[in-house]
Each structure stands twice: as structure tokens, then as C-alpha cells.
1. Between residue 279 and residue 219, how high is the FRET efficiency from 1/(1 + (r/R0)^6) when r is the Cβ-Cβ distance and R₀ = 35 Å? Nearest 0.05.
2. For residue 149 and residue 232, what is the calculated FRET efficiency with R₀ set at 30 Å and r taken between the beta-carbons, to the nearest 0.05?
3. Could you give the length gained by full extension between residue 79 and residue 351, i.e. 0.36 nm per residue of separation minus their alpha carbon distance, to one decimal place?
4. List the residues of the range 39-65 whose backbone N lies under 17 Å from a point placed 7 Å from the Cα of residue 9 along the Cα-to-Cβ direction.
5. When the Cα atoms of the range 1-137 are enclosed in a convex hull and the volume is divided per residue, what value in Å³ results?
6. For the chain, what is the mean residue ellipticity at 222 nm derived from helices alone (per DSSP H run of n ≥ 4: -39500 (n - 2.57); sum divided by total residues; nearest 500 deg cm²/dmol)?
7. Can you pull the Kirkwood radius for the range 269-374, inverse mean 1/r over Cα pairs, to one decimal in Å?
8. Which ³J(HN,Hα) values, rounded to whole Hz and listed in residue order, are derived for the range 34-47 from phi using the Karplus coefficients 6.51, -1.76 and 1.60 in 6.51 cos²θ - 1.76 cosθ + 1.60 with θ = phi - 60°, glycine and proline given as x?
Amino acid sequence: MSKEAKLELDGKTFSFPTVEGSEGEKAVDISSLRADTGYITLDDGYGNTGSCVSKITFIDGDKGILRYRGIPIEELAEKSNFIEVAYLIIYGNLPNRAQIENFSGLLTEHSFLHEDMKFHFEGFPAGGHPMAILSAMINAASCFDEELMHWQWGKVKQFDVYVAKLISQVRTIAAYSYRKAHGLPLIYPKKAYKYTENFLHMLFSSPYEDYEIKPEVVKALDLIFLLHADHEQNCSTSTVRMVASSQANLFASASAGVCALWGPLHGGANQAVIEMLQEIHKTGDDGSKFVAAAKDKNSGKKLMGFGHRVYKNYDPRAKIIKQACDEVLSKLQINDPLLDIAKHLEAAALKDSYFVERKLYPNVDFYSGIIMRALGIPMEMFPVIFAIGRMPGWIANYKEIMEDPKSRINRPRQIYIGRTLNSYVPLDDRK
Ligand code: CMC
């Protein structure tokens, strides 16, 4: 029998059941709290709120553990690839040969956008941020598909096709948004290329000449996608679940995820890290002055790429990316001064009592931007790369609540602290 939590309020004792996850994570189920007591819980920023039960991803932030469907991220990074991991995350198991062939076939089949969508790209100004274009165009795709427009949970006929469409087309839209922002002609995907190769082709080929696909570049970018594929109930995934809970369609929900991801505290951090490193480089600082500023709450600065709500240890993705960063820069024979600054910053922060006491370690974004720079990906595309990578996680979370017969609309409560009853004052009587 599970343990009960007891709560004493207004002289009465109330009992609530506890829940234990498969990895021993514990929660008090307060679903009946308001009905039983008249109270709600208040947890600004959701630091202690479990918003759902989920079977997709496990994180132990104190130990620095991340597993997709039980498989450690280190093992997947070494042995798998993004598309296989996408399948694992969405469908729950590693695919067998027939399953992966079918999945890859669907991705190829659905990589083209509706031709009329091309005209919408024309409407964005040159230099428009690709995250804005990505989010708008993912949502706009609903207008070109009858079933997305009239989406009905429980009656979606070909969910697997929409999964493939979204994973495949987010890459096409992302590449087009880059081409548009740079005034370049759009390049269509090619059947012969695999997922990540095709993305590089659509980004960098010209109508005259195909971009030379280097295996080390493909490997590094594929790894970045894989490491971003899911991360349980982060800001963007919670947003996707929130939107999905109203039974909005898959594309609309994913588009909301892109918006949530854009901010510098989340998926925009990789761009913010490079901007920070460039600023440090420009001012001739070796990082020490910046570390001092990041500790000063009045400076308005933070050490971007450091700290995490869940990890109070080294982010396991950051470890993998740091090593990949060294490897890819050496293979491409690139000597980036920003890498030296980043390593110096990391070393300085890891022995500084401010960062040590607060358990602030490098997160996934600290080194990923340096790799992407080395691959020739422009900075404004960094959060877009994150979004492409995170798509399987958003889809898996969408699927999880769509398939849960008990799922209901997400609707948190609040404690109102505004004015009490007030009266309308006619315009002429106002001061
Ligand atoms: N630089 C300096 N101080 C920091 C930093 C940082 N990067 N991160 C946290 N702190 C301080 C914070 O000011 C607070 O200090 P105090 O206790 O004196 O008030 C303490 O550390 C605890 O931080 P918090 O504000 O409670 O942390 P949070 O869980 O609310 O925020 C975070 C997590 C990731 C938003 C934050 O650490 C941050 O802003 N980091 C920089 C942005 C970043 O790298 N974001 C990418 C996150 S990983 C990718 C993803 O999943 O999105």
C-alpha cells in the first residue's frame, strides 16, 4: 500500500496519496486538495510541481543522469543517430529494421512543403528571425491540410504520417527560413540524402553546385539534434502539452513550443552564449571580468550556458558536446578563440564559490554554439537547430497526452492579489 501524506489545516487533518515513479521519484498527489480543503498549492515557476506522469525521459539532476526511454544519453550518443532516437522517443522502443525503413521512407515522402507555402516565405522581411518564421510556418502548415484544420483527438486517421511530416518539414522550413533571410533561392530536399545531410544540403547548396557533405560535419550536427531530442517537462515541452491539452492540432502545439523555446533562458541560450563569448573577446577580457559581473545581481549579466533548473551537477549533454567540440574543431582544423575563452570561463566558474555553492555547471548550450559556428551555421539559426532536435520530444509528449483517456485541459489556478470589488467611473469623472 502506498504511503499517505498528512496535512494539518485549520485544525483538521487531511490525507493525500503519494505516488512513486519507476526510478523512485516521489510525489504527493494533491488532485483533491482544493475540493477537500479549499486551498490550492502555490509554486511560482513550477519548481516543485509535477504536471504529469510520463514514460518518455528520465532525468536525475543531482547525479547528472539523462535517459530516453531508459537508455542513457551517453550510449545513444555513441551508438545511435537522430532519426533512430526520434523513433525511440516517439514510439517507446528502438525500431527494428522494417520499422526504421518505414519511418525513413515516410520522412522522405513528406519532406516537401505544399508548393503554395513558398509564397508565404516571400512575405517575411530579409533579416527576420528564423525562429519567428519557423513558428509561423509550422502553424501555417495546418491551413494546407484538411485533417490538421479539422483535427479531432481520437479520430486522427494517420497520426504516424503527421509525425513524419512534422519531423521532416520542420527541417525544410528551417532551411527555407535561412535561405529567405539571406536572399538565397530555395533548395529542394534530395531523396538520396539522409535526414541531417539533407538539411545541410538545403541550407548550403546552390542551384549550380551541391554543398560538399563532410561526414564529420554530418556527425556533429546529427549529435546535436540527438542530444536535444527530449528533456522532460522543460518550458517548451510544457507549453506543447499545455496547448495540446485543449485538443489543438499537432502542428499548432509544436508551433507554440518553438515560441517558448526562443527565449534566451531556454533554447535561445546557445545564441546568447556566443554573443557573450564575442563580447568577452572584443573587450580583451580573459573571462575573469565577466565572471565577476555574472555574480553581481545588479550587472544585468548572467553566465549564459551555465545553470539549470533540474541539473545540480554537470549536464551530461554538456560533457558529450564538449568532447565533440574538441574533435570536430580539430578535424576541420579550426582554431576558434571563443573555445579558449569558454574553457577558461568554465574553469574559473567551477572553482568560484558563487557557482559552486549554487551548483551551477555548464549546460547543453555552453559548447553547442561553438560547434555550430565551426560548421558554418549562422548564429540566429542556433535556436532553430535546437527546435529541429526537440521536435521528437514535443511529438512524444503530445502523443502521450492524446492517448491518455484521462487527460484533461491544463488549467492552473492562481492567488489573486489585485484590488477587491471596485466600481466603473465614467470618463469625465476620472482624475
Ligand atoms: N549566471 C549567474 N548566476 C546564475 C546563473 C547564471 N547562469 N544561473 C543561476 N544563477 C543564480 C541565480 O541568480 C540564483 O542566485 P540566488 O540564489 O543568489 O538568487 C541561483 O543561481 C539559483 O538560480 P535560479 O534562478 O533559481 O535558477 P532557475 O532554475 O530559476 O533558472 C536557468 C535556471 C537555466 C534559467 C538559469 O540558470 C539561467 O538563466 N542560466 C543561463 C541561461 C541558460 O544557459 N539557459 C539554458 C538552460 S539549458 C537548455 C534548456 O533546457 O533550455
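1. Numbers: r = 30 Å, r/R0 = 0.87.
Once the sixth-power term is evaluated, E becomes 0.70.
2. Numbers: r = 31 Å, r/R0 = 1.02.
The pair residue 149/residue 232 has a calculated efficiency of 0.45.
3. Taking 0.36 nm per residue and subtracting the Cα distance, the gain is 94.6 nm.
4. Of the residues in the range 39-65, 39-44, 49-50 have backbone N under 17 Å from the label point off residue 9.
5. On the way: hull volume 32.5 nm³, N = 137.
So the per-residue hull volume is 237 Å³.
6. Helices in the chain give a 222 nm mean residue ellipticity of -15000 deg cm²/dmol.
7. Numbers: mean 1/r = 0.0724 Å⁻¹.
Computed over Cα pairs of the range 269-374, the Kirkwood hydrodynamic radius comes out at 13.8 Å.
8. Computed from phi, the couplings for the range 34-47 are 5, 4, 6, 10, x, 9, 10, 8, 10, 8, 4, x, 6, x Hz.
We did not get these values from a lab; they are worked out from the coordinates using the rules stated. Quick caveat: nothing in here was measured; it's all calculated off a predicted structure. Cβ atoms come from the backbone with ideal geometry, glycine included; neighbour counts cover every protein chain shown.
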